[in-house]
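The values are calculated or read from the model by the stated rules, or taken from the named source; none is laboratory data. Keep in mind the model is a prediction, meaning the values are calculated, not measured. Note: ideal-geometry Cβ built from the backbone for every residue, glycine included; neighbour counts use all protein chains shown.
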Amino acid sequence: MAKDKIVRELEDLPGIGETTAEKMRAAGIDSLEKVAIANPHDLSENFGMSVDAAKKAVQVAKESTTINYSTGAEIFEKRMILGKISTGSDSLNDMIGGGIETNSITESYGKFSSGKTQLGFQLTVNAQQPREKLGLGGNVLFIDTEGTFRPERIKEIAKNSGLDPEDVLKNIIYVRAQTTEQQILTVERADKLIQEKNIKLIVVDSLTALFRAEFIGRGALGERQQKLNMHIHKLQSLSDKYELAVYVTNQVMDNPGILFGDPTTPIGGNVMAHAAGTRLYMRKSKEDKRIVRLVDSPSMPEGECIIRITKDGVKG
Ligand code: GTP
Ligand code: MG
């Protein structure tokens, strides 16, 4: 009987057929949770159902959604087994608590040649290492918005890491995004790819460049931030759902409001500041040295360390 029906999709709700479900999804009401908190009168008005039918649908959606409670101890357990990817540098690994974490976003920002892309290449190789070698034994989705992906450089790093360079390249799914739409869609549609290809790291290099180029002027800032926010949320939810790591690079600008000290400020304002679990600020130093500052971290104190970008990859 209908009473025992398992409710998983919008279509399983009473009074909601395929067409209505489609319309609701198009309007952003794409989960039972969203129906559960919807106003029946709004549903009725927007999707052409009676108020009573809408009330019933909301009621059933409420009964079918559960809240997952965990104890602090359980979350601790979960955090202890979070995967980490080595950055290639022991001092950087130590500073951030072992490597870049799964289930969250790690951002690096800094001026040109500060090493953001090179760190992305190193992580792309290291993610493919087994867990005992501080990898995740998985493949990589590399979204390149600047056209700076260099397979020959990755091969070089792979060889030095003891991996087969050809295999390493085969395990990278590469997308060259030329517009913010392409960038956003690649991430929106990544679910299937992630599962089929065992993706354990998503790199977006750079996350902000296209947004910055396309949304120019003060008038466009609101829209830019809103789109960027949704894009970041999707990345965050993928990282949670599939227990993968996300590494994004970000550009900087000189903030004229900062009169004393370093005026270098990452692009993306508050939206970016809240998004990344771990934020790294990278600066050029002498020769192949780079100073990496840990600006934000879920569990480690602020700090600074020095890495080197060598012919074999990130070291130090
Ligand atoms: P933008 O994307 O321009 O903002 O810079 P970025 O922060 O991504 O810099 P990137 O990671 O591309 O760093 C470039 C620097 O890495 C170069 O200036 C070199 O110092 C170093 N580098 C790049 N390729 C090699 C290489 O094959 N061998 C060595 N030894 N160093 C390299
Ligand atoms: Mg770069």
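Being outside any loop (DSSP other than H, G, I, E, B), assigned by TED's automatic domain parsing to the domain that holds residue 250, more than 16 Å from ligand 1 (Cβ to nearest atom) and of a type outside the set (Val, Ile, Thr) is the requirement here; does residue 121 meet it?
Answer is no for this residue.
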Might you check whether a residue that is within 16 Å of ligand 1 (Cβ to nearest atom), touching a Phe, Trp or Tyr at 6+ places or on another chain (Cβ under 9 Å) and on the phi < 0 side of the Ramachandran plot occurs anywhere in the stretch 90-102? yes
Of all residues in the stretch 259-272 being of a type outside the set (Ser, Thr, Tyr) and closer than 22 Å to residue 217 by Cβ, which is farthest from the chain's Cα centre (by Cα)? 263
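Please find, within the stretch 154-164, the residue that is farthest from ligand 1 (Cβ to nearest atom) out of those that are closer than 14 Å to residue 123 by Cβ and without any contact (Cβ under 8 Å) to a residue 60 or more places away in the chain. Working first, answer last.
Taking the stretch 154-164 and keeping what is closer than 14 Å to residue 123 by Cβ, we get 154, 157-158, 161, 163.
Cutting the leftovers down to without any contact (Cβ under 8 Å) to a residue 60 or more places away in the chain gives us 154, 158, 163.
Numbers: 154: 10, 158: 13, 163: 17 Å.
Among them, the one singled out is 163.
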In the stretch 167-183, is there at least one residue being within 16 Å of ligand 2 (Cβ to nearest atom), on the phi > 0 side of the Ramachandran plot and surrounded by fewer than 18 Cβ atoms within 10 Å (Cβ to Cβ)? no
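Would it be correct to say that residue 119 is under 21 Å from residue 197 (Cβ atoms), within 16 Å of ligand 2 (Cβ to nearest atom) and in contact (Cβ under 8 Å) with a residue 24 or more places away in the chain? Step through it out loud before you land on a result.
Details: under 21 Å from residue 197 (Cβ atoms): no; within 16 Å of ligand 2 (Cβ to nearest atom): yes; in contact (Cβ under 8 Å) with a residue 24 or more places away in the chain: yes.
Considered against the rule, which asks whether it is under 21 Å from residue 197 (Cβ atoms), within 16 Å of ligand 2 (Cβ to nearest atom) and in contact (Cβ under 8 Å) with a residue 24 or more places away in the chain, residue 119 comes out as no.
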Check on residue 94, exposed (fewer than 15 other Cβ atoms within 10 Å of the Cβ) and either within 27 Å of residue 289 (Cβ to Cβ) or in contact with a Gly (Cβ under 9 Å, 6 or more places away or on another chain) (or both): yes
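For every residue, the table says whether it meets (1) within 16 Å of ligand 1 (Cβ to nearest atom); (2) under 22 Å from residue 299 (Cα atoms); (3) crowded, with 19+ Cβ neighbours inside 10 Å.
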| position | (1), (2), (3) |
| --- | --- |
| 87 | yes, yes, yes |
| 127 | no, yes, yes |
| 133 | no, no, no |
| 138 | no, no, yes |
| 143 | yes, no, yes |
| 152 | yes, no, no |
When the stretch 4-13 is checked residue by residue, the ones that are outside any loop (DSSP other than H, G, I, E, B) and out of contact with any Lys or Arg (no Cβ under 9 Å at 6 or more places or on another chain) are 4, 11
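Return the residue satisfying two criteria in turn: it lies in the stretch 247-284 and is among the β-branched types (Val, Ile, Thr) and surrounded by 13 or more Cβ atoms within 10 Å (Cβ to Cβ), and of such residues it is farthest from ligand 1 (Cβ to nearest atom).
271
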Leading residue by the ranking (farthest from the chain's Cα centre (by Cα)) among those in the stretch 97-116 that are within 16 Å of ligand 2 (Cβ to nearest atom) and buried (at least 19 other Cβ atoms within 10 Å of the Cβ): 114
What pairs come out if I take residues in the stretch 53-72 that are over 14 Å from residue 15 (Cβ atoms) and pair them with residues that are part of a helix (DSSP H, G or I) and of a type in the set (Lys, Arg) whose C-beta lies under 6 Å away, six or more apart or interchain? none
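For the stretch 217-316, list the strands (runs of 3 or more DSSP E) that sit wholly inside it and hold at least 3 residues that are away from ligand 2 (no atom under 16 Å from the Cβ); which are they?
289-296, 303-310
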Go through 259, 238 for me and flag whichever is at pLDDT 95 or above and of a type in the set (A, V, I, L, M). 238
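I'm trying to understand the selection: among the residues of the stretch 1-13, which are surrounded by 19 or more Cβ atoms within 10 Å (Cβ to Cβ) and either in contact (Cβ under 8 Å) with a residue 40 or more places away in the chain or more than 28 Å from residue 188 (Cβ to Cβ) (or both)? Can you show your working first?
Residues of the stretch 1-13 surrounded by 19 or more Cβ atoms within 10 Å (Cβ to Cβ): 10, 13.
Across the stretch 1-13, the qualifying residue is only 13.
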Test each condition in (1) farther than 29 Å from residue 223 by Cα; (2) in contact with a Pro (Cβ under 8 Å, 6 or more places away or on another chain) for residue 152 and report the one that comes out false. (2)
Please enumerate the residues belonging to the stretch 14-51 that are in a loop (DSSP other than H, G, I, E, B), surrounded by 14 or more Cβ atoms within 10 Å (Cβ to Cβ) and in contact (Cβ under 8 Å) with a residue 24 or more places away in the chain. 15, 16, 49
